[in-house]
1. Quick check on the stretch 53-109: of everything there that is open to solvent by less than 60 Å² (accessible area, probe 1.4 Å) and charged (D, E, K, R), which residue is farthest from the chain's Cα centre (by Cα)?
2. Kindly indicate the residue of the stretch 26-38 that is within 13 Å of residue 54 (Cβ to Cβ) and outside any strand (DSSP E or B) and also most open to solvent (accessible area, probe 1.4 Å) among those meeting that condition.
3. Suppose we filter 4, 42 for residues that are among the small types (Gly, Ala, Ser), touching a residue at least 40 places away in the same chain (Cβ under 8 Å) and open to solvent by less than 40 Å² (accessible area, probe 1.4 Å); which single one remains?
4. Which ones in the stretch 25-73 are charged (D, E, K, R) and in contact with a Leu (Cβ under 8 Å, 6 or more places away or on another chain)?
5. Which condition from (1) touching a residue at least 12 places away in the same chain (Cβ under 8 Å); (2) open to solvent by 60 Å² or more (accessible area, probe 1.4 Å) is the one that residue 22 breaks?
Amino acid sequence: MSDSYDMLPLAQLFSGMVLADALLDAHGNVLLAEGTVLSEASIHSLARHGVGAAPIMRAHPPAAPSPASIQQRLDHLFRHHDPDSQEDWARGLLRHYVEDYRHRREVAP
């Protein structure tokens, strides 16, 4: 079992939580496997089997993408846009706004 989990009592479990380790019954049989996403039915089943607590994975926010990867993605999305073309001003404006948003740049009002 990893160290990135919390042992939560059954009353604090809710649908969508993920098990950090397998849950076993008193005979060593697997009730729910590691990585199982809990549902209301599975939580009720644990209660019927006398399980009092479960190891739940901690939620970690995804890592922020690097500025280089953001720019690479934007270049791909706007690959058909010629930034020097005055005829395609709408797409240029859209790219400008999307770049500001993705790079979290402050936009003047």
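The values are calculated or read from the model by the stated rules, or taken from the named source; none is laboratory data. In this text the structure is predicted, and so the values were computed from the model without any measurement. A quick note on method: Cβ atoms are made from the backbone with ideal geometry, for glycine too, and the neighbour counts reach across all protein chains shown. Side chains included, ligands, DNA and RNA excluded: accessible areas come from the protein's heavy atoms. Shrake-Rupley method; radii C 1.70, N 1.55, O 1.52, S 1.80 Å.
1. Once the filter is applied, the top-ranked residue is 88.
2. 34
3. 4
4. Hits for the stretch 25-73 are 25, 34.
5. Condition not satisfied by residue 22: (2).
Here is a yes/no grid of residues against (1) touching an Asp or Glu at 6+ places or on another chain (Cβ under 7 Å); (2) assigned to a loop (DSSP other than H, G, I, E, B); (3) without any contact (Cβ under 8 Å) to a residue 60 or more places away in the chain; (4) under 30 Å from residue 17 (Cα atoms):
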{"site": "68", "(1), (2), (3), (4)": "no, no, yes, no"}
{"site": "83", "(1), (2), (3), (4)": "no, yes, yes, no"}
{"site": "92", "(1), (2), (3), (4)": "no, no, yes, no"}
{"site": "96", "(1), (2), (3), (4)": "no, no, yes, no"}
{"site": "101", "(1), (2), (3), (4)": "no, no, yes, no"}
{"site": "107", "(1), (2), (3), (4)": "yes, yes, yes, no"}
